[in-house]
Amino acid sequence: MDAILLQVLNGLDKGSAYALIALGLTLIFGTLGVVNFAHGALFMIGAFCAVTLSRLLTLSHEVIDETRTDFLGNPLKVDVPYLYDIFGETAGAAIIDWAVPLSILFAIPVMILIGVVMERGLIKHFYKRPHADQILVTFGLAIVLQEIIKYYYGANPIPTPAPAAFTGSFDFGALIGFEPNTIIYPYWRLVYFAFAALIIGAVFAFLQFTTFGMVVRAGMADRETVGLLGINIDKRFTIMFGLAAAVAGLAGVMYTPINSPNYHMGMDFLVLSFVVVVVGGMGSLPGAVLAGFLLGILESFASMREVIDLIPGINQVIIYLVAIIILLTRPRGLMGRKGVMED
Amino acid sequence: MFGLEKKDRSLLILVALLTIFAPFILNPFPEGSAMAQFNAGYPDLMQRFVIFGIFAIGFNILFGLTGYLSFGHAAFLGVGSYAAVWMFKLLSMNVVPAIVLAVVMSGLFALLIGYISLRRSGIYFSILTLAFAQMMFALAYSVLTPITGGETGLQLALDDPRILDGAGASAGNIPVPSLFGLEMRDSADLVLGSWVFTFNIGYYFCAVIMLLAFYLSIRIFRSPFGMMLRAIKSNQQRLNYTGLNPKPYTLAAFVISGMYAGLAGALMASMDPLAGAERMFWTASGEVVLMTILGGAGTLIGPVLGAGMIKYMENIISKINSDILHGWFAFLPDGLEDFVVTIIYPFIGKGWHLTLGLIFMAVVIFLPGGLVEGGQRLAALFRRKKTSTDDGSPAKTEPAE
Amino acid sequence: MSKSNLTRRGLLKTGAVAGAGVALPTYLSAAGHTGFTNAPEGNTVTLGFNVPQSGPYADEGADELRAYELAVEHLNGEGDGGMMGTFSSKALQGNGILGKKVEYVTGDTQTKSDAARASAKSMIEKDGAVMITGGSSSGVAVAVQALCQEAGIIFMAGLTHSNDTTGKDKRANGFRHFFNSYMSGAALAPVLANAYGTDRKAYHLTADYNWGYTTEEAIRSSTEAMGWETVAAVKTPLAQGDFSSYIAPVLQSGADTLVLNHYGGDMVNSLTNAVQFGLRDKQVNGKNFEIVVPLYSRLMAKGAGANVKGIFGSTNWHWSLQDEGSKAFVKSFGTKYGFPPSQAAHTCYVQTLLYADAVERAGSFAPCAVVEALEGFEFDGMGNGPTLYRAEDHQCFKDVLVVKGKENPTSEFDILEIVEITPVAQVTYEPDHPQFAGGALGDCNNGA
């Protein structure tokens, strides 16, 4: 029982990352009808916004420490961040410690800008082109983006820890009456889950309760008619693209303390997020979110020792297996609409 | 001749000439010159060109004609490779049984996966094929290690049975794949002044098979069956209303293209007897999609061009390092040399992916029909100049089928 | 048809005879001329450096490449000579190899066996490389080693830790200087027993591919021999980003030690996740919960940041070693590039020197002569103490370092501290040890 509860928690957490990425992907699919293979790269760039900000915060000048030596036997050069000079060491260190949450503020404008530039500069020319062309151009773009990151940041993962206040874990099991140490959960993962829920809620509210959202939903259903009504749907679609990029980017920012970011993390998530979107059903936002959490939880169950012992290798294939079963039993995924990307 | 129309016949003859003289065409620069870096006429790469050409031709029969975008075609390539290597291990180093078994096995896998996946269309179909391929990759890499060799790939060993070859034929060293005694790795060289041209048996073996595969694909494109597949692409619903069931046709196309992939896998194993699981990874499936679109989906020659382009980038550009760059630009003054090298450096060597990505984008932006359209535009340009009967209308891009 | 897979470089130079043959294909049976594949003619010799330049190990590959460039410099008599001054064999004179200037070509393995073989083939067929070296994973090492065996080229493995490279997949033309899973286990177990006691319950998370299997087996058998109990061993999928669902159940199992048989990016992620879950703050069975990482890569451990502090592991070499060889190498490398070399760089540098030295001693580039010169070769001054290249399996036997994540690092390179230098005797095993069973070296192959 406790083991299962534990994996549900894990699954919710994994699922939040899937759901966030799939949400952005579906926004672009659904509104613009574009297969965006660069969406994983947007997630990755979001993560590197956090890296960039923490690099900016730790911009340093060198102070020579005569008492110690470096690996060649020369006096050791110690880097002292400028922030220490400005705010003093304690306050400076605290700011640096909070680099990841601060990156949210940094990432939102950056990601929206990248999204808008991408849409205006490239994607908008591909609305009427076949999906194959969209795949080729966005895949090319994804490679270019990730190579640029690799050029500047290298290929190794870069540590971006959560603020000290959120490190460690708490005993969730003890809270609800299990034995101590059976269900422990890291604080930061709870933050991630809450954050994902907040973003998902915000996006839905935005689409549901604002005029803007109403127009976009109308555009998703019937773009031509909306255009005939004299509404500038193009401009709104640009904004939607920026929004989707921001969602992907924020998912990336908050993900950095969970796994140290590297330049190919976007590609690693890309295929998975496509599977999530399709299992959820093309063009359905709730479907994408639901599929994200469902696959996350099932993946967690499949990684239990008892399950692997029973069916060796199941943890390797569970997501794909579930995808096949769902697509065979429900032709358009969980909540897909008829006719979207079916030909 | 061959039951082909004139246009197709000239295309086939052109391709045949290109493959026969590839060792010359691909080695335009004299040995030892600075440009020799760009020579691609060495056996391994030439073999790769034609093998991936076969793979892409087969993929195009499915994607180009029916419009069904399979995102898991590399799985069949992998199945073909594993089947071939197992034949080398168990039966004989002769490539014929290996190729036969590989094509049969990949056909069976394609039949099964195709039968299930074709119950859906559009992106749902793509994801189904992707899921099957990824499952096969993951299992081959891990739990199936006893069958597939896992991470290190399936390899030959000294103590393999090789029933037909008999024991002792291989004292101390593992034998190499051959065609009735003709070793695939044997080469002859032709030295002409400072040029060296290599003629490799394996390459010509693959080239002959590719020409056959190409010929077969022309016949399929031109056959009533091909027309039916095109009808599926243009309007499946209308086809249904006429009382025709498109499914058997799509499935047939899927199996044929799976067998092409298996054939390519078997040839890869015949040229280099190792089968690695990475061959089935989604990036490998994605690569053949990219090859086909890059060259021009639905055209006969496009996929081959796309395959050549990507393999050339992977094998030639990735090998240029900063040392070589400095060698090229040594004639420039020091400061300028460093500057030029700094500019170019990110795009070569370890940056070859960047160049590849830029080319993908450039092609799809400027040549919507792929490389084939580029060729047509060029041809149209020349034709216009020669005949000077330019009526001012832009060059029409007719499908190069 | 006789063997004639000669490549062009060798041919060009023998081609004086053939140069005139304009119309006739010059069909050469190499046997009569040089006797082996890509025999260097003229006054240069080409080596092939095949390292990952794209994919997750690209930075490690870049460091390997730096080491190779340094080695080439030293072999050609440029720079300060590095370990050539401390190497016990004095055959190398700084005038290239056998008087031929060393040139090199580079390629990208992409850490995929297929791509690595394609790249190695182009070096052999196009560039005329007489030796291939490099790589950052066992899958690639095994694949390229088999290729070199077929082609008649020497392969000097880069970073490869799986037992299989010199176990069931060993080849006569292949040599490994790096240590292996068995040695990690043998070196780590006593240190772990010392630090954590002999009454421990271990939980293994293992990367689900060959290297993971051999490492888990090695660590299990050596720790169990010390009295530890293995509670469970769970296989984790390749490139699993998030290990939370594997880490979370560890505490429930009653284990008090977690062994992470992961390398590189996987290790960074699983270790980060384990620390996040607060495992190291826990008390189980009245003992502090501990984590062990059998194979450390300092270069990549950097990605785990502060999480590595106090965690035991093993490594082939570390820049803080104080013997003359290591100091000379660190100085040479550090002066040129501004940071200390990684263990991958070290093993690649040493392999290049060892190859060059073997050629000098053999007086020939012919693979079989080189194999003979390397088999049973004993040397010192290369940073690992007295070392033997064992003839039976072409594995180097030398001291193994047990290291621990440093508590108070002074710089971004200062991540590990050496806990113990395990003497070679303790990590030596019989060639027919069960963990290395199967496979055969076969005969050396001169190719051509």
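Since every read-out is calculated from the coordinates, none of them should be taken as a lab result. Please read these numbers as outputs of a predicted model, since none were measured by experiment. Methodologically, a virtual Cβ is constructed for each residue, glycine included, from the backbone with ideal geometry; neighbour enumeration extends over all protein chains shown.
Highest mean first, how do B:75-86, B:106-117, C:59-70, C:116-127 rank when packing is the count of other Cβ atoms within 10 Å averaged over residues?
Numbers: B:75-86: 30.2, B:106-117: 21.4, C:59-70: 25.2, C:116-127: 27.0.
The packing order, highest mean first, is B:75-86, C:116-127, C:59-70, B:106-117.
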Can you list the residues, at least 5 places off or on another chain, whose amide H is less than 5 Å from the amide H of C:Val284, using H built in the peptide plane?
C:Phe289
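Residues of C:54-60, mean number of Cβ from any other protein chain within 10 Å of their own Cβ, rounded to a whole number? Numbers along the way, then the final one.
Working: counts 13, 4, 8, 2, 8, 7, 2.
Mean inter-chain Cβ contacts per residue within 10 Å come to 6.
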For chain C, shape from the Cα gyration tensor axes a ≥ b ≥ c, cut at a/c of 1.5 then a/b versus b/c, turns out prolate
Straight-line reach from C:Lys404: which aspartates and glutamates have Cα under 17 Å away, leaving out those fewer than 8 places along the same chain?
C:Glu290, C:Glu412, C:Asp414, C:Glu417, C:Glu420
Cβ-isolated cysteines (cut-off 4.7 Å), the protein assembly as shown
A:Cys49, B:Cys206, C:Cys148, C:Cys348, C:Cys396
Computed over chain A: longest principal axis from alpha-carbon atoms vs helix A:2-32 long axis, angle to nearest 10 degrees, is 60 degrees
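Take every Cα-Cα pair in the protein assembly as shown and report what % of them are more than 41 Å apart.
Working: 318811 of 709836 pairs.
The share of Cα pairs beyond 41 Å in the protein assembly as shown comes to 45 percent.
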Cross-link reach list, lysines versus B:Lys247, counting only Cα pairs under 17 Å and skipping chain neighbours closer than eight places
B:Lys233
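Taking the number of other C-beta atoms within 10 Å as the exposure measure, put C:Ile153, A:Ile64, A:Ile297, B:Ile324 in order starting with the fewest. Mind showing how you got there, number by number?
On the way: C:Ile153 26, A:Ile64 10, A:Ile297 20, B:Ile324 17.
Least crowded to most crowded, the residues run A:Ile64, B:Ile324, A:Ile297, C:Ile153.
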Return the long-range amide H neighbours of C:Thr236 (sequence gap of 5 or more, or a different chain), with a cut-off of under 5 Å between placed amide H atoms.
C:Thr206, C:Ala207, C:Asp208
P(r) over all Cα-Cα pairs of segment B:175-219, 5 Å bins from 0 to the longest distance, whole percent per bin, short to long, reads 5, 19, 18, 18, 15, 13, 8, 3, 0
At 7 Å along the Cα-to-beta-carbon direction for both B:Phe382 and A:Phe204, put a label point, then send me their distance in nm to one decimal.
6.2 nm
Explain nothing, just the number: dipole magnitude of the protein assembly as shown about its Cα centre with +1 on each Lys and Arg Cβ and -1 on each Asp and Glu Cβ, in debye rounded to the nearest 20.
4540 debye
Length gained, A:Tyr152-A:Thr67, 0.36 nm per residue minus C-alpha separation, equals 27.3 nm
The aspartates and glutamates whose Cα lies under 13 Å from the Cα of C:Lys336, excluding any fewer than 8 residues away in the same chain, are C:Asp63, C:Glu69, C:Glu73, C:Glu78, C:Asp80
Going by amide H atoms built from the backbone, whose H comes under 5 Å of the H on C:Val51, apart from near neighbours?
C:Gly107, C:Thr109
Nearest 5 percent is fine: what portion of the DSSP beta bridges confined to the protein assembly as shown is antiparallel?
50 percent
Measuring from label point to label point, each 7 Å out along Cα→Cβ, what is the B:Leu216 to B:Met313 span in nm?
2.9 nm
Everything considered on the Cα gyration tensor (a ≥ b ≥ c; rounded for a/c under 1.5, else prolate if a/b is larger than b/c, else oblate), chain A must be described as oblate
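Order by neighbour count: A:Ile4, B:Ile51, fewest other Cβ atoms within 10 Å first, most last. Numbers along the way, then the final one.
Working: A:Ile4 11, B:Ile51 27.
Fewest-to-most ranking of A:Ile4, B:Ile51: A:Ile4, B:Ile51.
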Going 7 Å from the Cα of A:Arg129 along its beta-carbon direction, which residues of segment B:280-323 have the amide nitrogen within less than 15 Å of the resulting point?
B:290-297
Counting only DSSP beta bridges with both residues in segment B:6-280, what percent are antiparallel, rounded to the nearest 5?
90 percent
Using the charge dipole of the protein assembly as shown (Lys, Arg: +1 at Cβ; Asp, Glu: -1 at Cβ; taken about the Cα centre), state which of B:Gly298, B:Tyr260, A:Gly40 has its Cα farthest towards the positive end.
B:Gly298
Determine the distance separating the Cα centre of segment C:218-254 from the Cα centre of segment C:44-118; give it in Å without decimals.
37 Å
Distance in nm between label sites at B:Ser194 and A:Leu122, each 7 Å beyond Cα in the beta-carbon direction?
4.1 nm
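Nearest-5 percent of antiparallel DSSP beta bridges in chain C?
Numbers: 18 of 55 bridges.
Among the beta bridges of chain C, antiparallel pairing accounts for roughly 35 percent.
What's the exposure ranking of A:Lys14, C:Lys287, going from fewest to most Cβ atoms within 10 Å?
Details: A:Lys14 28, C:Lys287 15.
The fewest-first ordering by Cβ neighbours comes to C:Lys287, A:Lys14.
Let's see if you can work this out: charge +1 on each Lys and Arg Cβ, -1 on each Asp and Glu Cβ, no other charges. What is the dipole magnitude of segment A:156-267 about its Cα centre, in debye to the nearest 20? Kindly include the intermediate steps, with their values, before the conclusion.
Details: 5 positive and 5 negative charges, 55 e Å.
In debye, rounded to 20, segment A:156-267 gives about 260.
Starting from the Cα gyration tensor of segment B:6-280, take the square roots of the eigenvalues, sort them a ≥ b ≥ c, and report rounded, prolate or oblate (rounded when a/c is under 1.5, otherwise prolate if a/b is larger than b/c, else oblate). Walk me through the intermediate numbers first.
On the way: a/c = 2.14, a/b = 1.29, b/c = 1.66.
Oblate.
On a 29 Å Cα-Cα criterion, which of the cross-link pairs B:Lys6/C:Lys126; A:Lys77/A:Lys150; A:Lys150/B:Lys311; B:Lys319/C:Lys168; A:Lys124/B:Lys350; A:Lys77/C:Lys90 come out too long? Numbers along the way, then the final one.
Numbers: B:Lys6/C:Lys126 39 Å; A:Lys77/A:Lys150 27 Å; A:Lys150/B:Lys311 22 Å; B:Lys319/C:Lys168 31 Å; A:Lys124/B:Lys350 31 Å; A:Lys77/C:Lys90 37 Å.
Result: B:Lys6/C:Lys126; B:Lys319/C:Lys168; A:Lys124/B:Lys350; A:Lys77/C:Lys90 exceed 29 Å.
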